[in-house]
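Contents: one structure, followed by commentary.
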Amino acid sequence: MSGPSREEESKVDEREHKEGEGNRLLEVDGENETEEDDEAAYESGEKIVVVDFEFDSVDDSAVPPFSWKKLWMFTGPGFLMSIAFLDPGNLEGDLQAGAIAGYSLLWLLMWATFMGLLIQLLSARVGVATGRHLAELCRDEYPNWARYVLWFMAELALIGADIQEVIGSAIAIQILSRGVLPLWAGVLITASDCFFFLFLENYGVRKLEAAFAVLIATMAISFAWMFGDTKPSGKELLMGILIPRLSSKTIRQAVGVVGCVIMPHNVFLHSALVQSRKIDPLKKGRVQEALNYYNIESTVALSVTFMINLFVTTVFAKGFYDTKQAKSIGLVNAGQYLEEKYGGGLFPILYIWGIGLLAAGQSSTITGTYAGQFIMGGFLNLRLKKWLRALITRSCAIVPTIIVAIVYNSSEASLDVLNEWLNVLQSVQIPFALIPLLTLVSKERIMGSFKIGPVLQRVAWTVAALIIVINGYLLVDFFVSEVNGVLFGFVACSCTVLYIAFLVYLISQSGALPSALVDRLPKGFSVTEN
């Protein structure tokens, strides 16, 4: 039997080539479909296109010259991020620091803001350089069991922060309504109007950013007005900022000042917010340009938050330091104490405080919902409609908050104790945002040429270690005073062991530990592929 002719062989080869090409196209299409199915912070059509002004270069590594117009176009994400530095929990920490420690902790407030700025700049760096946010990167970097633990911790932190923020808004509504509306009614109002602000996003990211700008301006005007009314001592204010002072009586307030500044969910949030601008991560010049503008914007935003926190601290330092009310003052009764101290005036200070607190609570509640969407979508890769994700994340916080509002409606002391527990919850979660961030931003495989250098790595890890140690002190101090009973103590110790073991695991994967020490860790501490 004769073999196939040369013409037939040519046809077979051509058919196989076409089939192979078709299979390759199917594979590429499948990969693209997978990429499209991945959860993203912003869809392509939602991103703001930053227009070049008279700059055209074929060199992708060239950084365009500075432009005020471009800075304005990049302005927004940093101010949304800065809201977490002004939430009701921070305001309570400010007023208690002022009332108990006077002006002596203002220097710590300034340096804590600097530390917070460094962490947020690294978060923005990850988002811009990779085109993905921190929760998405954690999903790919860690094995399934670890990323689920990280997601659970992030959700716990978010719920704790949300309860504080919603309660803060509800207290403000109660103040402004002269007690007509109870706490639970304020909680429901805060829950519903959150969707109104998220609805603004349908009209563009800039509309939402403008709404937040109004809320921040409201806070700034309200607390600056209070500052002007009370006339704090300029000399003591400068001494408080420039001269570090700390005593055994003010350690708890000092820890609170630092602990309130770093919010776990905010670290995840900022890496997602910076993606609202359309930036090609393959063009190094454009990435560097975006980082430059975001660095400027974030610095300005946190400078504004520092001034607002400064106003609140100095007002309460002037009015209540070394008085019998100092140790009992909190968000619930702060407005009443201010009114008793400074009276009515042209515009009663009680209402000024209420307006500022309401703006703080409303804005931080919305950014909390926003962060919840990114955290859930990033870790779990859920592609849900935004309103549905907002409903889920809102419900996780609103349901327990309503219970809290009903139970603690008439008990100021109990509400303050609850707030302490929530602060402890925040402190526990901080390492689970900081360590993954510092791990990812230091890896060339993920960041490319935008990974941070050795010097910045040491500074960042030193700041992270300082924050973790400070919050660790808060935990130890709190549990020593609050944990009673054998069963409760056993549960607390067991949780502490698991907590420390997971921290050791995260640090062992970060590259921050010497390799000789990592080799001695149990085999279960090595990263496995998902």
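Below is a table of values for the structure above.
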| read-out | value |
| --- | --- |
| Net charge contributed by nearby residues that have their C-beta within less than 12 Å of residue 363 (K/R +1, D/E -1) | -4 |
| Long-range HN-HN contacts of residue 62 with modeled amide H, under 5 Å | 285 |
| Burial order of peptide ranges 277-290, 440-453 (average beta-carbon count within 10 Å, highest first) | 277-290, 440-453 |
| Packing-based order for 66-72, 150-156, using average beta carbon neighbours within 10 Å, highest first | 150-156, 66-72 |
| Interchain or long-range residues, amide H under 5 Å from residue 511's placed H | none |
| Placed amide H near residue 277: partners under 5 Å, 5+ positions off or other chain | 48 |
| Derived scalar couplings ³J(HN,Hα) [the range 266-283; Karplus, 6.51 cos²θ - 1.76 cosθ + 1.60; whole Hz; x for Gly, Pro] | 6, 5, 5, 4, 5, 5, 8, 4, 5, 7, 6, 9, 7, 10, 7, x, 7, 9 |
| Those trypsin sites (Lys or Arg not before Pro) in the range 309-355 that DSSP places in a loop and that have at most 13 other beta carbons within 10 Å | 324 |
| Cβ-based net charge around residue 294, under 12 Å, with every Lys or Arg adding one and every Asp or Glu removing one | +1 |
| Accessible area (Å², 1.4 Å probe, nearest 10) - residue 94 | 10 |
| Local electrostatic count at residue 102 - Lys and Arg +1, Asp and Glu -1, tallied over other residues with Cβ under 12 Å | +1 |
| Cα→Cβ-extended label distance, 7 Å offset, between residue 399 and residue 476, nm | 3.8 |
| Probe 1.4 Å, protein heavy atoms only - accessible area per residue of the range 152-237 in square angstrom | 42 |
| Cross-link pairs 207/318; 231/327; 70/231; 47/69; 69/235 - those with Cα-Cα distance over 28 Å | 207/318; 70/231; 69/235 |
| Residue 115 accessible area, assembled protein chains, probe 1.4 Å, Å² | 30 |
| HN-Hα J in Hz across the range 428-442 - Karplus 6.51, -1.76, 1.60, θ = phi - 60°, x for Gly and Pro | 4, 7, 3, x, 7, 9, 5, 5, x, 4, 5, 5, 6, 6, 9 |
| Simple label model, 7 Å out from Cα along Cβ direction - residue 324 to residue 72, nm | 5.6 |
| Estimated vicinal HN-Hα couplings, Hz - the range 302-315 in sequence order (Karplus 6.51, -1.76, 1.60; Gly, Pro = x) | 6, 5, 5, 5, 4, 5, 5, 4, 4, 4, 5, 4, 6, 4 |
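The values are calculated or read from the model by the stated rules, or taken from the named source; none is laboratory data. Computed from a prediction, not measured in an experiment: that's the story for all the values here. All Cβ positions, glycine included, derive from the backbone under ideal geometry; neighbour counts span all protein chains shown. When the accessible area is computed, the model is the full protein with side chains, heavy atoms only, and any ligands, DNA or RNA have been set aside. Shrake-Rupley method; radii C 1.70, N 1.55, O 1.52, S 1.80 Å.
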